[in-house]
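Reading through the structure tokens given below for one structure.
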């Protein structure tokens, strides 16, 4: 057999180790010799598209959140109507006692309302005593207790600067009624002490705090403050500051006391 036939390698068989040629691993980016460029382009992944960088917002400003688009075919919901508060003051109607008062006194009654369940009847000053006497003596009313008597100062209401408020209570009927009467500044109000003796000190307090005089009162004088106290503290124009200084400077003698502060230090040292 010829030498060439002995050394030939059959097709499909591996060459001997000794005869294997030295080769290096080809670079992935570099195509092998004899490879076609089109095949390499098909195997290489396409370059990633660069994402646009959003512009930076200026420091301190936050971007507004995007609004949700309205659904197709649906209109925006209507706005809720404004809420109304509860009705506090109402006109009194269908009350037998209030109807009798209106029928008896007519135009002397200027108002009859209910506020949060409290019935209020406003009467002119000249008929205040007649109304109070009727409410005390009438068998369907029997307001035998004057629970409170006070006043309110309205300096902007010309001719009606003061409002007298009388809170009545009927023990037999278990019913309350508030009577109001307006008077001008400097005008006196008729006293109700002949009807309710307990109103004596209440009227004195109104005189002391507001300066309202009650015509026919048996002992109208101050009850909370000294007789020579300047002014009446519950009037709106009354200056709260310095009025007490005016009275104390007049009646109280001030003396400076000189004392040894070292004694105070000794006492504190003993407690420690």
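Please treat every number below as a calculation from the coordinates, not as lab data. Nothing here was measured: the structure is a model prediction, and the numbers come from that model. Reconstructed Cβ throughout: ideal geometry from the backbone, glycine too, with neighbour counts over all protein chains shown.
Note on the stretch 89-225: semi-axes of the ellipsoid equivalent to its C-alpha gyration tensor, largest first and rounded to whole Å, are 24, 18, 13. Residue 175 to residue 83: FRET efficiency via 1/(1 + (r/R0)^6), r the Cβ-Cβ distance, R0 41 Å, to the nearest 0.05? Efficiency computed from Cβ-Cβ geometry: 0.75. Dividing the mean sequence gap of close Cα pairs (under 8 Å, 6+ apart) by how many residues the stretch 89-225 holds gives a relative contact order of 19 percent. Under 1.5 on a/c is rounded, so check that first for the stretch 92-162, then, if it is not, pick prolate when a/b is larger than b/c and oblate when it is not; a ≥ b ≥ c are the square roots of the alpha carbon gyration tensor eigenvalues. Because a/c hits 1.5 or more and a/b exceeds b/c, the stretch 92-162 counts as prolate. Counting other Cβ atoms within 10 Å as a rough exposure proxy, the listed residues 112, 188 run 188, 112 from fewest neighbours to most.
DSSP finds beta bridges in the stretch 141-249, and of those with both partners inside it, around 90 percent are antiparallel. Each residue, residue 126 and residue 90, gets one label point 7 Å from its Cα in the Cβ direction; the gap between the two is 3.5 nm.
Between residue 142 and residue 237, how high is the FRET efficiency from 1/(1 + (r/R0)^6) when r is the Cβ-Cβ distance and R₀ = 41 Å? Nearest 0.05. The partial results should precede the final answer.
Details: r = 40 Å, r/R0 = 0.99.
Efficiency, rounded to the nearest 0.05: 0.50.
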